[in-house]
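Here's the structure, in structure tokens; my notes come after.
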């Protein structure tokens, strides 16, 4: 761009591009290293170019500042990572959808207030996460849209006197648009990042819900889910233990994202417009959060590939009382006012009889009910997401 | 819907609809009151219908639960408020854009690290908020999209045995789609709300930045902005004080949204799938946050309508040193390597001469620079948002 | 004080004191009301005195500012509430200690990673909360110590030119000392309050742990605890449900304290020294948190007074595997290296035999073990706290 | 202890102690390394002992679990660090006190609402931090008291069947007491640590206030403070800039502590009693926070040793209006009711005359006023803290 804009001669421009390509090659071979004297990658690149090209190398810093360089690099990295996360989220969702189909009519008690409430199914439980992740994919798109704007050329936050072409650099770097206002480029630091983390947190909340459910539902007390030994860990003193450490760590990591987001929201509080060194700290929070999300997606995929329902325990957990609401509804639909039907059944709980749970869950047919999970449609939405 | 689905007779259905319309009329006249015995609006409606329609009134609770009723009501309220907030955000953005145009070339020092850095302008400063709010409008759309799904019919979180038509109720209530999975309906409580607050927080962060900037820039030390006395407050013991209390309160309120969001993220932590009474607390956080955002938008609009730059103080603040970078760039473009030009100027700061600030800011013409704020384009984006 | 310092004449001083006593009497009778014109209590008092004493009434505002008045009132209220909370915490701890003694040797499985791990007891489980609350009492003392300093006389944050006697007012108001530096008085707003909330949060974390444990341990899956029907709530559609709503709400409220604390930490971020209107918002967070803590203490007391273990279910939950570690230790103490004993038992889990659980838990006698809970000593610490 | 309790033979005991001493020596020489196979230090120690002592080495794990080992190590490290932090806080406070004495009567405007309010002084401003740190020292003591209890012997959270002597190990490790209840030992993870961070946050809030004040007061607009060039940093494109990066980074780091604390509060939310792998994550948050606090204390000490007031700029900032409240008070003390005096002066602000600022600030003599900062007493409190 500097060449095209006449800020560098054609010769300088070509030499610099060649020098940068050389650095790329060295990086790929792992032969470009960051020494202590070079505070960061940007300085290292300039040093290398100066060493190999002399005066021309020094001209690389023309028309920009450390501020917009660092910010542009972070945006590029975030955008790439978010796209990868979106793909991995889709992969995982397909795996859970497959699980939901496979065990669509495996009966399972549904809980409210941590108490058995109504008949449900493994299909309904697991496809809840499919729909949750479909929403999360939509929020990931929002995050991608927001980071997909180029701050390059905003310099230290007030632009530059040089006639640079910001639209050209945006295009070359693969950004959809230019983030026009240089002050906004700096003011958006912390702000855009905290939104990205809010979006990642949506994914992590879904995963942490899965983690917590599977920890509980695979415990001795529930026994609903069986997880392959390869995913569990032993104890240093209790030989009988099989702990689901990987899900506990995931659950803990979801709080890391939230505390990172908290920090991004707080760090820029009450700073006047423009760059402040405080904002430096945002990089770590963003990179750490992207990594945690990627790892967690892999682990939950492994989980669903190595887990199966214990249908015996599940069926045993559906005791007669769980059908109370269904019985109330039967009376209500025959004309008894709901509140009275409720009272009638409530006073005769011990008379409730056991039912065929599979028949029960298949008999409920409204959209989303256990007999009509609409998995076909979820699958289509997933394909198009 | 209950009538159409054959769950109520045509007669019952008509009577109930009429009863509900009667309640609507009473509400509008302020004559429908919530007594202590009626725990909430849903019970009050059922009581009223039972009193006026007898047995038929009692049938109103058919096919749903308190859980999905409350959630549906909160979704409707949130969606309406978000749409209103979107409109008010657009209104405010137009006002700021007008301000930016009006003072497009009023010079102003640009700050980094709270230190005078480079020449900037009132136009550049204020249009930074225009572009920030344009991004915020986009995130508001994400929030609207997420709440725009009907949980009605998910009942207590596992659907119902009755053949209800959830697509019909979704349509009648103005939702774009059904939130299919009843377990996800409950699991999304706290989760979707926290995303809504993350989006509102984006707006509030922009407003809080405006608030903090104006508090500082209208202080004695800066004197860049003059705010009409009608917006300032006196002190109980210091007769000379004119405090910008309204901006301080706004700044404080932006933390209320963040702490509300924090609570929504935390409250559902490690709850197994399904409804829990813990989630009740989310309503207050959401309603409170929507109200704060609406109030804040009104106040910032008032601010921009009652504020003007003090061009004398602004111009005086652009001392010769602020042009140092421009001088470096001049040398750099003439061929001196950037680092050397930097060194040269740095060693001769006292020799820098004052410049015509308006000429300086107009001379910078790349996209987003003080001479090319691209306000036309921002205006178009705003119209289409 | 103003009289003693010669700032008011003896006559004025007496009249004002009499007027204030009159207000106190009216307040007790509920006859002193806060009208809309009087923005707050301080203005209402001044208005009343001016109405009844004329010119003398107007002199009440001498030597202080709204800033130190409001802060002093909040400190007094906080200190009183904290002392009450301390007493209520002690009361609750005695109730739990009584519960622990009563069921000292009721066996119970101990859990790690949500998996049955080792034999434990109701006594060990409940006295864990006794020791937790003993620590919390200590932190409450730290909070009391910090708020127990008088900011009165710091005026707007820089003191006053009048020769007021701050030590005298501190003494009269029952403060242990003067908060000397007026700037610190203002800078400590938000800061001291956030520490108070950190201390209250310690109490709430203990109570929320109790809440979460009892929700789980009283569920069908565990069945360890039976809670009186008077404390449970029904469902609007499921007649068989008995929900522990009160504990769920408490659990949710613990997050309110944390988000309030978060707000107090954030609101004062990056404000320069001295008062800012932002700090106004701290009052609500503090008062709300004090009230929640007091309510929660009452509710948990009710819980322990209306709960009993289901010893049958508890005993049944201690299956042979839970004694695995004890068997490892037996071998280890006889000379088999720990790791080998662990391996040996681990490979023969199915051969483990059931044991008498009461005998097992009584046989463990080191300090804190199930057979030696040291309740006597906990009781003494409680008495002296 | 294991030897004394008869769990190891005298010979085994002596060999193990000797082996551990050998490890200590290797550690000091930097020759004891942690290989990949040894997951952590505890395993590395056991491996080493087993290699050098054979069967006897394996007996080292007797009577404890990874859970209580890790927790005990973290407690010891935290306690040591807190004590060091306390000392460094005292050192810093002495330095600030010296600064306050040196510039006790250097006049300075006092600000409220970011507006000049009343006359103050460098002495009053800086000794505000002295008193703040005195309070912080008290809260550090609370933190130390809470971590100063030994969880060793609580094993996996339910004690052990072996007759270990927990009081003896507590004493040997330098703990003041035993944390008796093994379940509480585990339940207190996250809880005690979050209190420690709340206490450290108090220190960091004081330091961040100093940082923010000095950033502003050393800016061009204020010019109140001059900071030695050795503490400032240049810009990559603006040769005239001297940025106070170190204070900006400190200010940002104070949010790291808050977000760490947030994480500690959240991570243990809704976990049933007993250990969970989630708690593993707490270590990083604690160690990171301790390090940040130590670094920040060092930096602020450097700041006060390399900073001096610019008395010319300070004096110039005290314009006539700043004396308005003093004039009101003069009238009020002569008998004009306060509200009327206020009105009178307010209407004649332009008639206010300049005063000798030093005389003004010396004339205010109540406790804490600019003429009576009570530095002697603060110094005594500091010595005794």
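The values are calculated or read from the model by the stated rules, or taken from the named source; none is laboratory data. Everything quoted here is computed from the prediction, not taken from an experiment. As a convention, Cβ positions derive from the backbone with ideal geometry for all residues, glycine included, and neighbour counts pool all protein chains shown.
With the condition kept exactly as written, say whether any residue in region B:58-72 is over 30 Å from residue B:322 (Cβ atoms), modelled with pLDDT of 95 or more, away from chain A (no Cβ under 13 Å) and out of contact with any helix residue (DSSP H, G or I) (no Cβ under 9 Å at 6 or more places or on another chain). No - not one qualifying residue is present in region B:58-72. Residues in region C:222-237 that are assigned to a strand (DSSP E or B) and modelled with pLDDT of 95 or more: C:225, C:226, C:227. Assuming residue C:333 fulfils every condition listed in (1) facing another protein chain (nearest Cβ under 7 Å); (2) under 27 Å from residue C:121 (Cβ atoms); (3) in contact with a strand residue (DSSP E or B) (Cβ under 8 Å, 6 or more places away or on another chain) apart from one, which condition is it? Here residue C:333 clears every test but (3). All conditions but one from (1) buried (at least 24 other Cβ atoms within 10 Å of the Cβ); (2) more than 24 Å from the chain's Cα centre (by Cα) apply to residue C:130; the one that does not is (2). Filtering region D:158-194 to residues that are at the interface with chain C (Cβ under 9 Å from one of its Cβ atoms), in contact with a strand residue (DSSP E or B) (Cβ under 6 Å, 6 or more places away or on another chain) and in a loop (DSSP other than H, G, I, E, B) leaves D:158, D:179.
Specify which of the listed residues (D:219, D:201) is at pLDDT 95 or above and surrounded by 24 or more Cβ atoms within 10 Å (Cβ to Cβ).
Of the residues listed, the single one that is at pLDDT 95 or above and surrounded by 24 or more Cβ atoms within 10 Å (Cβ to Cβ) is D:201.
Considering region A:223-239, the residues that are in contact with a helix residue (DSSP H, G or I) (Cβ under 6 Å, 6 or more places away or on another chain), surrounded by fewer than 21 Cβ atoms within 10 Å (Cβ to Cβ) and over 29 Å from residue A:289 (Cα atoms) include one that is farthest from the other protein chains (Cβ to nearest Cβ), namely A:223.
Residues of region A:294-306 include at least one that is touching a residue at least 60 places away in the same chain (Cβ under 8 Å), touching a strand residue (DSSP E or B) at 6+ places or on another chain (Cβ under 8 Å), under 26 Å from residue D:266 (Cβ atoms) and assigned to a helix (DSSP H, G or I).
Take residue C:314 and decide whether it is surrounded by 21 or more Cβ atoms within 10 Å (Cβ to Cβ) and either within 30 Å of residue D:12 (Cα to Cα) or touching a strand residue (DSSP E or B) at 6+ places or on another chain (Cβ under 8 Å) (or both). Yes: the conditions hold for residue C:314. Per the listing B:113, B:42, the residue uniquely within 14 Å of chain A (Cβ to nearest Cβ) and within 29 Å of residue A:331 (Cβ to Cβ) is B:42.
Are there helices (runs of 4 or more DSSP H) fully within region C:1-93 with at least 2 residues that are over 23 Å from residue D:338 (Cβ atoms) and free of Cβ contacts under 8 Å to residues at least 60 places away in the same chain? List them.
Working: elements: C:10-28, C:41-53, C:55-58.
By residue number, C:10-28.
Among the residues making up region D:221-236, those that are under 25 Å from residue D:316 (Cα atoms) and touching a residue at least 40 places away in the same chain (Cβ under 8 Å) are D:222, D:223, D:224, D:225, D:226, D:227, D:228. Of all the criteria given as (1) more than 7 Å from every other protein chain (Cβ to nearest Cβ); (2) surrounded by fewer than 23 Cβ atoms within 10 Å (Cβ to Cβ); (3) more than 15 Å from residue A:281 (Cβ to Cβ), the one not satisfied by residue D:246 is (3). What about residue B:127, is it closer than 26 Å to residue D:218 by Cα, within 13 Å of chain A (Cβ to nearest Cβ) and at pLDDT 95 or above? Considered against the rule, which asks whether it is closer than 26 Å to residue D:218 by Cα, within 13 Å of chain A (Cβ to nearest Cβ) and at pLDDT 95 or above, residue B:127 comes out as no.
Residues of region C:97-121 that are assigned to a helix (DSSP H, G or I) and surrounded by fewer than 24 Cβ atoms within 10 Å (Cβ to Cβ): C:97, C:98, C:99, C:101, C:102.
Within this structure, residue A:210 passes the test of being in contact (Cβ under 8 Å) with a residue 40 or more places away in the chain, assigned to a helix (DSSP H, G or I), surrounded by 24 or more Cβ atoms within 10 Å (Cβ to Cβ) and more than 10 Å from chain C (Cβ to nearest Cβ). Residues in region B:330-383 that are under 19 Å from residue B:135 (Cα atoms) and touching a helix residue (DSSP H, G or I) at 6+ places or on another chain (Cβ under 8 Å): B:367, B:368, B:373, B:375, B:378, B:379, B:381, B:382. If the condition is being free of Cβ contacts under 8 Å to residues at least 24 places away in the same chain, in a loop (DSSP other than H, G, I, E, B) and loosely packed, with under 13 Cβ neighbours inside 10 Å, then region D:344-374 contributes D:347, D:348, D:356. Counting residues in region D:271-285 that are touching a residue at least 60 places away in the same chain (Cβ under 8 Å), surrounded by 20 or more Cβ atoms within 10 Å (Cβ to Cβ), under 24 Å from residue D:192 (Cα atoms) and within 12 Å of chain B (Cβ to nearest Cβ) gives zero. For residue B:288, the conditions (1) surrounded by 22 or more Cβ atoms within 10 Å (Cβ to Cβ); (2) farther than 30 Å from residue D:350 by Cα; (3) away from chain D (no Cβ under 12 Å) all hold with the exception of (1).
Let's see how each residue does on (1) within 27 Å of residue C:110 (Cβ to Cβ); (2) within 16 Å of the chain's Cα centre (by Cα):
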| residue | (1), (2) |
| --- | --- |
| A:214 | yes, no |
| A:248 | yes, no |
| A:251 | yes, yes |
| A:258 | no, yes |
| A:261 | no, yes |
| A:279 | no, no |
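In this structure, does residue D:301 turn out to be more than 14 Å from chain B (Cβ to nearest Cβ), surrounded by fewer than 24 Cβ atoms within 10 Å (Cβ to Cβ) and in contact with a helix residue (DSSP H, G or I) (Cβ under 9 Å, 6 or more places away or on another chain)? Taking the combined requirement at face value, the residue satisfies it. Among the residues making up region C:143-154, those that are at the interface with chain D (Cβ under 8 Å from one of its Cβ atoms) and crowded, with 24+ Cβ neighbours inside 10 Å are C:146, C:153, C:154.
Which of the following residues is over 19 Å from the mean Cα position of the chain (by Cα), more than 14 Å from chain D (Cβ to nearest Cβ), farther than 22 Å from residue A:152 by Cα and modelled with pLDDT of 90 or more: B:384, B:306? Only one candidate qualifies: B:306.
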